[in-house]
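A quick write-up on the structure given underneath.
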Amino acid sequence: MKTTTIGNTGVALSSLGLGTVPLAGFGGDCTYDQAEKVVLAAYESGIRYFDAAPMYGSGLAELRLGQIVRENRLRDSITLSTKVGRLLKPKSRLNAALAEPEVAIQWKGAPPLIQEYDYSYDGVMRSFEDSCQRFGLDSFEILYIHDIGRVTHDESANSRYWQQLRMGGLKALDELRRSGAAKAIGIGVNETAAVLEMAGEFNLDCCLLAGRYSLLNHGALTDFFPEMQKRHIAVIAAGVFNSGILGGGATGMTRTFEYMEAPPEIIERVMRIESICRHYDVALPQAAVQFVYAHPAVSCVLQGCKSTAEVQQNGAAIQQPTPAAMWQELAEAGLIPAHAPRPVFAQ
């Protein structure tokens, strides 16, 4: 796979990265053996970037990924990232006002811990150290501030958390980067506004952005991507299937868009995209991945996998050539912007 480097950090990103949400029990059980097979299959396919977070399975993703990396001696040849902004606590130690709702996501097999938001200096440092313990490591290539912004929090909470970040969290991130404990600092969110806000106050190296650029969402083209390129902030794109429908299609079992049932107009649009892709014998997921990766601001596409078959499918999707005529027809049909970058290796 193609490899790019984040600015002058020395941190390398393979064109495809592996997210660990499915390996932490999201949507069903996942055993350690199953998780190990997926990670090793990803490594064999050329993937060298692996991402986790305390949120994923209340620490389960970090525990599993760390053990797999150490037992298989992968550490020196891969890029690892995790996130800060949440602390994991036993319920008896919970501050209910700061906790994430327990029912937000059901993680199968997760430890009985409650997630509490904390973007302060002490919170960031404790989150980093807790992640080091779960991984069994002392540093990460990338450290992201996780889920700050109005998409996750209401106005009052968001204001409070930004104050925590400004008063101490940013200092902690700067110290971790200067010490080498994290080679690159980023923000991991589902909105562009939070990235731009943080970039205005802190020297970001990268951002992990979920669902904001896809075959169905082109909003990042106008202002966001140009700003990222101007500031030399690498974009790691996640959620390229918009939570499901671009992976399974209009008639698939997972017809979700932005984590809700896809509305009729989205289903109709996906059917039109599928029809054109089918004419050129290109699978919809392949088109979805390649459309996102084609933008020069995007350094890596991050995808979660729960099986070795999914790893192989994703690897093929980002590397197999696609016909230039297909992209032209999609543009002429108004399904992608005419000025949107297209895969450079299109036939």
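Worth a mention:
- If only the Cβ of Lys and Arg carry +1 and only the Cβ of Asp and Glu carry -1, the dipole of the range 3-332 around its Cα centre is close to 540 debye.
- Between the Cα long axis of helix 308-319 and the first principal axis of the chain there is an angle of about 60°, rounded to the nearest 10.
- Filter on Lys2/Lys171; Lys108/Lys183; Lys2/Lys230; Lys37/Lys83 - keep pairs with C-alpha separation over 29 Å: Lys2/Lys171; Lys108/Lys183
- The relative contact order of the chain comes to 17 percent, based on Cα pairs under 8 Å that sit 6 or more residues apart.
- Fewest neighbouring Cβ atoms within 10 Å first, the residues Arg342, Arg166, Arg64 line up as Arg166, Arg342, Arg64.
- Count Lys and Arg as plus one, Asp and Glu as minus one, and take only other residues whose Cβ is under 10 Å from that of Arg177; the net charge is then -1.
- Among beta bridges that DSSP assigns inside the chain, antiparallel share in %, nearest 5: 25 percent
- Candidate cross-link partners of Lys89 among the aspartates and glutamates, defined by an alpha-carbon separation under 13 Å and a same-chain spacing of 8 or more, comprise Glu100, Glu102, Glu116, Asp118, Asp130.
- Taking the longest Cα principal axis of the chain as reference, the axis of helix 170-179 is set at about 90 degrees.
- Options (1) 40, 22, 17; (2) 31, 22, 21; (3) 36, 23, 21 - which one matches semi-axes √(5λ) of the Cα gyration tensor in Å as calculated here: (2)
- Charge tally for Glu197 (other residues, Cβ to Cβ under 14 Å; Lys, Arg +1; Asp, Glu -1): -3.
- Think of the chain as having a plus end and a minus end, set by charges on the Cβ of Lys, Arg, Asp and Glu; of Pro263, Leu65, Ala157, Leu65 sits farthest toward the positive end of this dipole.
- Net charge over other residues, Cβ less than 10 angstrom from the Cβ of Thr322 (K, R count +1; D, E count -1): 0
- Between the range 180-243 and the range 287-327, the Cα center-to-center distance that results, in Å: 18 Å
Bear in mind these aren't lab numbers, they're just calculated from the coordinates by the rules spelled out. Nothing here was measured: the structure is a model prediction, and the numbers come from that model. Note: ideal-geometry Cβ built from the backbone for every residue, glycine included; neighbour counts use all protein chains shown.
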